[in-house]
Amino acid sequence: MENKRSKLGVCATWVLLAAAGNAGAEEAPSLAASPALSQRGAPAIRSFGRLAFGPDGVLLIGDSATGAVWAVDPGDRAASTSQEPLRVEGLDRKVAALLGTTPDEVLFHDMAVSPLSQQVYLAVSRGLQQTDARFPVPNAAADASILLRVNAKGEIAEVPLKDVAYAQAAIPNAPTPDQTLWEFKRRSFTITDLDYAEGRVLVAGLSNEEFSSAFRSIAWPFDGKALSTSLEIYHAAHGKWETEAPIESFLPYRIGGKAHLLAAYTCTPLAVFPMDALKPGAHVKGTTVAEFGAGNFPSDMLLVRRGDKPFILLANTQRPVMRIDPADLEKNPQPLTTPVEENWGTAGVPAVNLPFMGVQQMDRLNDKHVLLLMRSTRDGQMRLASLPVERI
């Protein structure tokens with residue numbers, strides 16, 4: 001099973017990294033800080049919009065407000081071998097009490113689990129009531145100005161980033177603050193997802209260019225060069241080719257032994273791009289392989305393994321979690337190039353609806369459990385819940 005923010009399918013890089021992080025005893029000594037973090041102090045992060053983990057326990061932060069990716073040392077590199085679940089009920093109430101606000105003001109932007117310590121990182125803001133959008137987008141409601149950490153006991157604390165080792169990579173051609181996308185601030189979509197894979201930090205989002213849907217690739221350690229590619233897909237629910245909507249969540253994955261980018265878009269097409277086609281300055285048309293229904297934002301993607309069998313999970317705002325069999329991607333599915341025939345219709349690669357609603361984020365907790373950040377349909381409260389891999 002893979003870690004969400006090292007979602008490299010059958011690519012071995014992050015599998016080995018995660019295994020190394022879990023190889024020692026519970027009280028194993030901490031790793032040294034990454035030599036890739038060349039600065040020290042308080043990084044000027046304006047929004048913790050997207051979170052991921054890179055090598056050596058480095059936390060990657062997608063900051064749309066600044067238009068940059070930050071890499072920081074959270075001081076959390078002691079390996080854990082625990083295979084226990086984690087459950088935190090009333091998470092929004094506990095976070096609200098910590099921040100001195102009310103649960104209806106707490107907005108969760110992203111979640112990432114350290115592949116070394118299994119501690120949970122949450123990007124949050126006080127801002128849920130600042131939007132009246134039909135489909136609220138977290139960074140459009142408020143910038144995630146708070147970074148929290150949850151330990152194995154369910155204890156929540158703010159993560160201080162006042163004297164840490166860090167590095168920064170600027171995002172080229174970020175949208176300007178006055179640009180809009182639908183009813184939202186385009187700047188909020190500068191970084192919609194990020195990941196680390198095979199020596200590079202991968203970033204999806206928007207640019208300020210004519211074809212604004214963008215994919216960036218940044219060498220690790222940061223070298224000051226962020227390579228950018230513009231993207232285009234056929235949107236079967238809209239019945240047209242589109243270059244404006246950003247990737248909402250992506251997964252690097254090998255199909256037929258070749259590296260691809262599996263990309264989920266709003267409303268909800270699933271497209272694939274050959275990685276070797278995503279070259280600097282290129283404009284690339286993806287292959288749309290599925291349409292999972294309009295009126296929905298995909299919120300997260302995760303690769304898990306049940307024994308030797310891999311599955312891809314797709315969490316959504318208006319739909320249950322979907323399970324996709326990668327074997328269906330290996331069959332070279334027919335591209336979607338015509339509109340779906342009915343409102344809310346689906347087409348292409350099949351998906352199984354799992355009985356989990358209200359899931360906002362997912363990540364690998366350990367070899368036996370997936371961690372879900374979800375809103376209970378019973379009492380409306382946010383919680384962290386562990387899903388046994390054997391049940392997927």
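The values are calculated or read from the model by the stated rules, or taken from the named source; none is laboratory data. Treat the numbers as computed from the prediction; the structure is a model and nothing was measured. Glycine also receives a Cβ, built like all others from the backbone with ideal geometry; neighbour counts cover every protein chain displayed.
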> How about region 234-296: which strands (runs of 3 or more DSSP E) wholly inside it have at least 3 residues that are touching a strand residue (DSSP E or B) at 6+ places or on another chain (Cβ under 7 Å)?
Replying inline: 247-255, 258-265, 269-274, 283-285, 287-291
> What is the residue count in region 273-322 for residues that are buried (at least 22 other Cβ atoms within 10 Å of the Cβ) and among the β-branched types (Val, Ile, Thr)?
Replying inline: 4
> So which of 123, 79, 152 is farther than 24 Å from residue 186 by Cβ, surrounded by 21 or more Cβ atoms within 10 Å (Cβ to Cβ) and either at pLDDT 95 or above or hydrophobic (A, V, I, L, M, F, W, C) (or both)?
Replying inline: 79
> How many residues, within region 38-66, are surrounded by fewer than 20 Cβ atoms within 10 Å (Cβ to Cβ) and part of a loop (DSSP other than H, G, I, E, B)?
Replying inline: 4
> surrounded by fewer than 19 Cβ atoms within 10 Å (Cβ to Cβ), in contact (Cβ under 8 Å) with a residue 60 or more places away in the chain and part of a strand (DSSP E or B), is that true of residue 386?
Replying inline: yes
>> Just the residues that are charged (D, E, K, R) and surrounded by 15 or more Cβ atoms within 10 Å (Cβ to Cβ), please, taken from region 343-367.
In response: 363, 364
>> Which residue is surrounded by the most Cβ atoms within 10 Å (Cβ to Cβ), if the candidates are limited to region 210-232 and must be among the hydrophobic types (A, V, I, L, M, F, W, C) and in contact with a Leu (Cβ under 7 Å, 6 or more places away or on another chain)?
In response: 214
>> So in region 202-216, with the set limited to residues that are touching a helix residue (DSSP H, G or I) at 6+ places or on another chain (Cβ under 9 Å) and of a type in the set (Gly, Ala, Ser), which one is farthest from residue 170 (Cα to Cα)?
In response: 212
> In region 323-342, which residues are surrounded by 20 or more Cβ atoms within 10 Å (Cβ to Cβ) and free of Cβ contacts under 8 Å to residues at least 60 places away in the same chain?
Replying inline: 324
> Name the pairs: first residue in region 249-269 and under 17 Å from residue 319 (Cβ atoms) and touching a residue at least 60 places away in the same chain (Cβ under 8 Å), second residue of a type in the set (Val, Ile, Thr) and part of a strand (DSSP E or B), Cβ to Cβ under 8 Å, at least 6 apart or on different chains?
Replying inline: 269/233; 269/288
> Among the numbered criteria (1) assigned to a loop (DSSP other than H, G, I, E, B); (2) touching a Lys or Arg at 6+ places or on another chain (Cβ under 8 Å); (3) at pLDDT 55 or above, which single criterion is violated by residue 30?
Replying inline: (3)
> Can you tell me which residues in region 211-233 are touching a residue at least 12 places away in the same chain (Cβ under 8 Å), over 19 Å from the mean Cα position of the chain (by Cα) and not in a strand (DSSP E or B)?
Replying inline: 211, 212, 221, 222, 224
>> Among the residues of region 372-379, are any free of Cβ contacts under 8 Å to residues at least 24 places away in the same chain, of a type in the set (Gly, Ala, Ser), assigned to a loop (DSSP other than H, G, I, E, B) and surrounded by 14 or more Cβ atoms within 10 Å (Cβ to Cβ)?
In response: yes
